[in-house]
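The structure appears right after this line, and notes come after that.
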């Protein structure tokens, strides 16, 4: 009789189903150790379930169940820990497919295709504000940038008002949006390597200076061009910044 059991789990963040992304997001909020996080993530994604009320075997192996096995079976803790290492990709920034709907609002494209440059700049602003303060209001604002009802148009002035509709969203769902944006930010340098290859400044990082610097470069300091710039597609603006960074590198090499 074949007693083997094949376990299939995602190997990249963008392969996570919405329910799994929500669970992983919840795990991040629990303050588990790295080992605990990986084991719990692996058990959830693999479908293995620990039978908590059944005593372990003499050698310490514990009893588990799985939908593809009729009877409970024993697995050693070391084996579970080894298999859980396959979930380590979750600890590194990676693109994810976001939860599609949050409070009747729909997620933008996972790479913000068709978003305007202003949406990106505001998302960056709230991202850094949340990183610095951990205040949930900044996360609500970030969600209101990245989610909106299908018929709604982008209106920057309404972001904070709309953010109120997301205040009662569960922490796990809110954090999944943050994970999504972290993953998006890990993609941008891959598409625009020259733009993000410069030497780091010794000065303290300023989100305002970072954002204003991008606007200044694209308008060449002409403030009258800012209004039209903000309406431009995000990737048109970033690709232009990338080309300017490439041109600057070529000049420096001469």
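Bear in mind that the values in this text are calculations on the coordinates, not laboratory data. Computed from a predicted structure; not experimentally measured. Every residue, glycine among them, receives a Cβ derived from its backbone with ideal geometry; neighbour counts consider all protein chains shown.
Angle of helix 136-146 to the longest C-alpha principal axis of the chain, folded into 0 to 90 degrees and rounded to 10: 70°.
Between 176, 186, 77, the Gaussian network model of the chain with springs among Cα atoms under 10 angstrom shows the greatest mean-square fluctuation at 77.
Considering only C-alpha atoms, what is the centroid distance from the range 100-158 to the range 161-186, in Å? Computed from Cα coordinates, the inter-centre distance equals 8 Å.
Using a Gaussian network model of the chain in which every pair of alpha carbons under 10 angstrom is joined by a spring, one finds that among 97, 19, 40 the greatest mean-square fluctuation is at 19.
If you run the Gaussian network model on the chain, springs between alpha carbon atoms under 10 Å, then out of 119, 228, 137 the most flexible one is 228.
Annotation: for a label point projected 7 angstrom from Cα along Cα→Cβ of residue 136, residues of the range 155-173 with backbone N closer than 15 Å are 163-173. Computed on the range 83-155, with alpha-carbon pairs under 8 angstrom and 6+ residues apart, the relative contact order is 34 percent. Axis angle, to the nearest 10 degrees, between helix 34-46 and the longest C-alpha principal axis of the chain: 80 degrees.
In the chain, Cα pairs under 8 Å separated by at least six residues give a relative contact order of 21 percent.
From the alpha carbon centroid of the range 235-254 to that of the range 71-98 is 41 Å.
Could you grab the Rg to Rh ratio for the range 116-210? Cα atoms only, Kirkwood for Rh.
Across the range 116-210, the Cα-based Rg/Rh ratio is 0.99.
May I ask you to derive the FRET efficiency for residue 79 and residue 152 from their Cβ-Cβ distance with R0 = 45 Å, giving the value to the nearest 0.05? With R0 = 45 Å, the Cβ-Cβ based efficiency is 0.35.
Taken along its principal axes, the alpha carbon cloud of the range 1-144 reaches lengths of 61, 31, 25 Å, longest axis first. For the chain, the mean projected area of the C-alpha convex hull, equal to one quarter of the hull surface, is 19.3 nm². Figure legend: label point modelled 7 angstrom from the Cα of residue 65 along Cα→Cβ; residues of the range 16-45 with amide N under 16 Å from it are 44. Rounded to the nearest 10 degrees, the angle from helix 117-133 to the longest Cα principal axis of the chain is 60 degrees.
Considering all C-alpha pairs of the range 13-91, those separated by over 15 Å amount to 59%.
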